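The values are calculated or read from the model by the stated rules, or taken from the named source; none is laboratory data. Predicted model, so just to flag it, every value in this text is computed and none were measured. Here the Cβ positions follow ideal geometry from the backbone for every residue, glycine too, while neighbour counts run over all protein chains shown. The area values use the complete protein model at the heavy-atom level, side chains included, leaving out ligands, DNA and RNA. Shrake-Rupley method; radii C 1.70, N 1.55, O 1.52, S 1.80 Å.
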Amino acid sequence: MTAPSPLNLGVLVSGVGSNLQAILDAIGAGRLSARVKVVIANRPGAQALERARAAGVSALTIPHKDFPSREAFDRALVGALREAEVNWIVLAGFMRVLTPEFLSAFPGRVINIHPSLLPAFPGVDAAKQAFEYGVKLTGCSVHFVDHGVDSGKIIAQRAVPIEVGDDLSSLGARIHSAEHGLLVDVLREIAAGRVVPFEA
Ligand code: GRF
């Protein structure tokens with residue numbers, strides 16, 4: 001078996017960037033063999049951009065509002081990611097649905113982290129959805145991205161219990177913490193060649 005190519009990541013973000021931070025920390029601590037080549041935010045001022053810069057990683061803002069269509073925005077993303085020579089894309093709190101054109105530029109190499117045990121509670125506010133439904137167990141999922149919303153093939157999941165006395169904030173924090181471990185574990189599997197690009 002040939003060794004997998006070095007893992008060169010492009011990370012797309014919209015907000016806080018704690019999952020990005022988990023990736024950067026794991027790389028910094030030697031727990032993940034990868035490079036983050038570029039971080040791109042669709043929202044100016046996203047805290048994730050500061051985290052990238054603090055780690056010496058190239059950080060770009062490509063505001064989706066500057067583009068006349070989803071396709072045009074995605075073309076700009078693809079251009080920046082290609083320029084950075086990434087070979088896997090991580091959606092780490094990226095709040096946009098990607099077009100088929102984007103996905104065909106990086107076939108089977110785009111993954112997303114989602115704060116529920118998919119297929120339960122896709123879409124926005126997944127922790128809130130689970131909390132309000134009253135489930136006793138929720139969690140997080142890392143999956144390949146396809147044309148739907150949180151509908152691609154699941155790579156790995158981690159369960160998180162909803163405990164007596166939880167509120168949305170305590171539950172959200174527990175899920176977030178599980179996400180950080182899960183995402184890094186999946187990236188370690190990709191780096192080792194044990195998770196390979198998804199072939200539709
Ligand atoms: C995470 O809960 C992730 O699952 C969801 O958006 C959130 C991003 O958090 N897609 P952060 O920006 O990584 O802190």
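Report, by chain and number, residues whose modeled amide H sits under 5 Å from the one on residue 155, excluding near sequence neighbours (fewer than 5 apart, same chain).
142, 143, 144
Any idea of residue 162's accessible area? Nearest 10 Å², probe 1.4 Å.
30
Quick one: grab the alpha carbon gyration tensor of the range 7-191, order the square roots of its eigenvalues as a ≥ b ≥ c, and give me rounded if a/c is under 1.5, else prolate or oblate depending on whether a/b is larger than b/c.
prolate
Which whole-number percent gives the relative contact order of the range 7-191, counting Cα pairs below 8 Å spaced six or more residues apart?
21
Keeping all protein chains in the complex and leaving out DNA, RNA and ligands, what accessible area do you get for residue 144 with a 1.4 Å probe, in Å² to the nearest 10?
Number for this one is 10 Å².
Based on DSSP H runs of at least 4 residues, each adding -39500 (n - 2.57), what is the mean residue ellipticity at 222 nm of the chain after dividing by all its residues, to the nearest 500 deg cm²/dmol?
-11000 deg cm²/dmol
Let a ≥ b ≥ c be the square roots of the eigenvalues of the Cα gyration tensor of the range 59-105; is it rounded (a/c under 1.5), or, if not, prolate (a/b larger than b/c) or oblate?
rounded
Could you please state how large a percent of the accessible area of the chain is carbon and sulfur, counting protein chains only and using a 1.4 Å probe?
54
Between residue 67 and residue 120, what's the calculated FRET efficiency when r is the beta-carbon distance and R0 is 30 Å? Round to 0.05.
It comes to 0.35.
If R₀ is 30 angstrom, what is the calculated FRET efficiency for the pair residue 156 and residue 104, using the beta carbon separation as r and rounding to 0.05?
E between residue 156 and residue 104, to the nearest 0.05, is 0.80.
Going from most exposed to least, what order do 74, 185, 150, 125 have by accessible area with a 1.4 Å probe?
125, 185, 150, 74
Per residue, what accessible area does the range 7-191 have, given a 1.4 Å probe and all protein chains present, in Å²?
For the range 7-191, the per-residue accessible area is 45 Å².
Please report, in debye to the nearest 20, how large the charge dipole of the range 68-158 is about its Cα centre when each Lys and Arg carries +1 at its beta carbon and each Asp and Glu carries -1 there.
Dipole magnitude for the range 68-158 comes out near 240 debye.
Just by accessible area at a 1.4 angstrom probe, what is the order of 153, 128 from largest to smallest?
Descending order: 153, 128.
Tell me the accessible surface of residue 33 in square angstrom (1.4 angstrom probe, heavy atoms of protein chains only), to the nearest ten.
Residue 33 exposes around 90 Å² with every protein chain in place.
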